[in-house]
1. In the range 326-356, what residues are open to solvent by 20 Å² or more (accessible area, probe 1.4 Å) and aromatic (F, W, Y)?
2. Look at P234 and say whether it is open to solvent by 40 Å² or more (accessible area, probe 1.4 Å), at pLDDT 90 or above and over 25 Å from V347 (Cα atoms).
3. Report, by residue number, each residue of the range 373-407 that is of a type in the set (D, E), within 17 Å of T427 (Cβ to Cβ) and either outside any helix (DSSP H, G or I) or open to solvent by 30 Å² or more (accessible area, probe 1.4 Å) (or both).
4. Go through the range 61-77 and count every residue that is open to solvent by less than 50 Å² (accessible area, probe 1.4 Å) and assigned to a loop (DSSP other than H, G, I, E, B).
5. Please state which of the following conditions V88 fails to meet, knowing it meets all the rest: (1) of a type in the set (A, V, I, L, M, F, W, C); (2) farther than 19 Å from T210 by Cα; (3) without any contact (Cβ under 8 Å) to a residue 40 or more places away in the chain.
6. Quick one: what pairs do we get from the range 611-636, first residue over 11 Å from Q478 (Cα atoms) and at pLDDT below 75, second of a type in the set (G, A, S) and assigned to a helix (DSSP H, G or I), C-beta under 7 Å, 6+ apart or different chains?
7. Residue by residue through the range 13-32, note down the ones that are touching a helix residue (DSSP H, G or I) at 6+ places or on another chain (Cβ under 9 Å), assigned to a helix (DSSP H, G or I) and closer than 17 Å to E75 by Cβ.
8. Scan the range 124-166 for residues that are closer than 21 Å to G200 by Cβ and assigned to a loop (DSSP other than H, G, I, E, B) and jot them down.
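The values are calculated or read from the model by the stated rules, or taken from the named source; none is laboratory data. As the structure is a computational prediction, the values presented were derived from the model and not from experiment. Using ideal geometry, Cβ is built from the backbone for each residue, glycine included, and neighbour counts are taken over all protein chains shown. What goes into the accessible areas is simple: the full protein's heavy atoms, side chains included, and nothing from ligands, DNA or RNA. Shrake-Rupley method; radii C 1.70, N 1.55, O 1.52, S 1.80 Å.
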Amino acid sequence: MITPQTIQTILARIDIIDIVGGFVKLKKRGTNYLGLCPFHNEKSPSFTVSPAKEIYKCFGCGRSGNSISFLMEHEKYSYVEALRWLAVRYNVEVEETGVTPEARIQFQVSDSLYVINSFAQKFFTHALFETEQGTDIALSYLVQRGFKEEVIRKFQLGFSPEDRTAFARAAAENQFNGEYLLKSGLVAIRNEELVDNYRGRIIFPVHNNTGKILGFGARLIKNNDKAPKYINTPENEIYSKSKILYGTWFARQSIDKNNECLLVEGYTDVISLHQSGIENVVASGGTSLTQDQLRLIKKYSPNLTIIYDGDPAGIKAALRGLDMALEEGLNVKMVLLPDREDPDSYVNKIGPTAFKEFIALNKKDFILFRLDISLKDAGNDAAKKSTIVNEIAETIAKINRVEDFSKRQDYIRQCSELMHIDETGLTTLVNKYIRDRVAKQESRHQNTPEPLPVQEGSEAAQGLDDGTFEILFQHQLQERQVVKILLEHGSEKFDEETLVADVIFKELVDDDLFDDKLLYRIIELYKGWYEAGMAPSIKSFVYYEDAPVSSAAVAVTNFPFEESKRMRDEMILNSSGYSQKLFLNNYNDFIRITTKDEEALHSFAKAEEQDIQLRVVSSMNYLKLKKIKRLIEQNQKDLQLSHTPEELIVLVQTHQHLKDIEISLLKVAGTVILK
């Protein structure tokens with residue numbers, strides 16, 4: 001784990017304008033900055049960044065957060081990956097605790113391999129552009145294939161010279177460890193000498209989702225029947241082929257914006273499509289899709305469109321492993337190109353616009369496509385048709401999420417029509433496969449201890465969508481106001497002897513005043529730090545490690561929702577002077593205000609701006625009133641039931657006592673928020 005001291009050092013150096021400004025062109029507007037949202041397509045800027053509070057908010061798509069959550073959302077980093085990225089940017093040495101000696105050695109090996117790969121990429125790129133052999137052989141080949149220098153440099157392509165020790169010598173001169181060089185696959189031992197492994201080949205660096213180079217693919221240029229066309233990096237501490245998709249580093253933002261991932265087979269397919277302006281594309285390397293690769297795709301989008309060659313081999317490749325895609329909840333479509341065409345050749349043949357139109361018009365649902373191919377292959381063979389029914393039923397059974405129930409039923413209906421079988425019978429068969437799978441899972445886990453329940457705010461709960469919090473807070477504005485006051489003014493004086501935090505903690509002896517338990521958790525965290533002698537700030541919560549807490553803190557302190565003068569001016573008194581609507585900026589929600597007259601109302605508004613005491617008291621009184629109101633409602637329900645005379649007297653007295661408390665709270669400053 002990264003030590004708390006390291007995290008605090010990183011957080012102290014973060015500048016949200018520096019971080020976000022590296023990805024979004026920002027213009028200063030007042031105290032904030034404005035730009036086009038990087039998370040959705042928009043023409044008018046609605047993405048606002050507050051340097052004072054170190055948070056951002058888009059009024060178009062609703063996304064909000066801090067510098068770390070921006071990196072996690074925009075770059076698809078994990079929390080730790082975002083911290084490491086920031087540590088590199090701000091030159092902070094990362095210290096870790098709880099690391100075993102074995103794990104520490106593995107980290108050192110991984111870091112060494114990354115350094116070697118980075119050096120190798122620069123060596124190969126230099127050889128491609130700056131050497132006679134590179135320009136004459138490799139660069140001319142790439143240009144002949146239609147690749148422009150811009151895209152070649154973007155993907156950091158290179159060339160490994162024919163000289164059998166060119167790279168090995170350069171690595172030795174830079175004192176790289178021979179053992180690690182062998183692990184990287186860049187060199188091999190021949191006659192007790194380190195020699196280059198990729199001689200005379202074009203080099204394709206393979207990046208991870210943070211832009212680091214995991215390994216390489218090396219393509220043969222000259223015809224040689226004895227040598228393999230491609231050589232890939234061997235499995236090592238950082239390169240695992242089953243967990244990698246070529247091009248994710250370059251495609252991640254486009255996949256997110258288009259909400260669709262295009263999957264092709266080869267490196268050149270990806271590069272050609274990027275050059276044509278189609279950037280939401282990655283490559284599988286021609287192997288069957290693995291569960292890790294499918295999960296990587298789902299990290300960016302639930303919609304997967306597979307584009308493969310239209311020959312029989314391409315069809316079989318397209319169908320392999322896709323049952324796992326259904327289990328992962330992906331929406332899979334298929335596009336088969338005309339025979340003897342691949343994405344690289346076809347986009348160059350018909351152009352980007354026509355290629356996009358072809359994809360859009362020829363997308364086929366994976367299950368229905370698979371059924372169509374199988375039925376054509378079976379012909380009139382009854383045995384084969386029976387096998388197809390079972391295979392399709394088993395495939396449909398993989399759609400096992402509760403929210404996909406209607407999708408599963410729709411597949412059953414369509415497939416039963418295509419196979420000319422009874423829909424009820426297919427439903428029964430699908431349910432059988434579901435029961436069999438559940439039985440196997442129960443059998444496999446029957447000796448496994450029950451997992452602990454996921455705690456709200458824990459790492460396991462970090463997958464919660466930030467939008468959940470905004471919906472939640474709209475209807476709990478006063479609870480949010482209490483937390484906002486605590487975070488922004490907790491360390492300030494309430495009077496000569498007490499701080500604001502002391503007053504709030506004295507009133508909130510338990511959580512029964514709060515409906516939103518996540519907001520109350522922020523109060524508990526603050527209290528724990530406060531009582532330990534620490535002085536928590538807004539930043540402590542905005543950058544808190546658990547995503548739900550961080551998101552809630554951002555939503556609470558979000559600058560666009562502060563009360564404004566215009567908001568106060570929009571109070572309109574009705575004829576009686578009671579129960580007026582106070583509209584909030586950017587929300588249609590409202591809270592009711594009661595007051596005796598207009599003068600008292602404006603007096604309260606002015607006092608609230610000038611005196612934190614009244615804000616604290618009025619907010620806390622609201623929470624108390626809410627609890628009293630619930631008790632009154634419950635007592636009234638009890639009064640409607642049958643009771644003895646003695647019980648009835650107690651209930652009436654209780655009702656009167658609660659009403660007295662309510663009235664005393666309502667008298668505070670002559671005005672109070674009721675709802």
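1. If the condition is that a residue be open to solvent by 20 Å² or more (accessible area, probe 1.4 Å) and aromatic (F, W, Y), then Y346 is the only one that fits.
2. Values: open to solvent by 40 Å² or more (accessible area, probe 1.4 Å): yes; at pLDDT 90 or above: yes; over 25 Å from V347 (Cα atoms): yes.
Against the criterion (open to solvent by 40 Å² or more (accessible area, probe 1.4 Å), at pLDDT 90 or above and over 25 Å from V347 (Cα atoms)), P234 qualifies.
3. So the first thing to find is which residues in the range 373-407 are of a type in the set (D, E), and the list is 377, 381, 391, 394, 403-404.
Now narrow it down to the ones that are within 17 Å of T427 (Cβ to Cβ): 391, 394, 404.
Answer for the range 373-407, where residues must be of a type in the set (D, E), within 17 Å of T427 (Cβ to Cβ) and either outside any helix (DSSP H, G or I) or open to solvent by 30 Å² or more (accessible area, probe 1.4 Å) (or both): E391, E394.
4. From the range 61-77, those open to solvent by less than 50 Å² (accessible area, probe 1.4 Å) are 62, 64-71, 74-77; that's our starting set.
Now narrow it down to the ones that are assigned to a loop (DSSP other than H, G, I, E, B): 62, 66, 75-77.
Residues in the range 61-77 being open to solvent by less than 50 Å² (accessible area, probe 1.4 Å) and assigned to a loop (DSSP other than H, G, I, E, B): 5 in total.
5. So V88 meets the others, but not (2).
6. So the pair list comes out as L614/A607; L614/A669.
7. Listed by number, the residues that qualify are I16, D18, I19, V20.
8. From the range 124-166, those closer than 21 Å to G200 by Cβ are 124-145, 147, 152, 155-166; that's our starting set.
Within the range 124-166, T131, R145, F147, F155, Q156, L157, P161, E162, D163, R164, T165 qualify.
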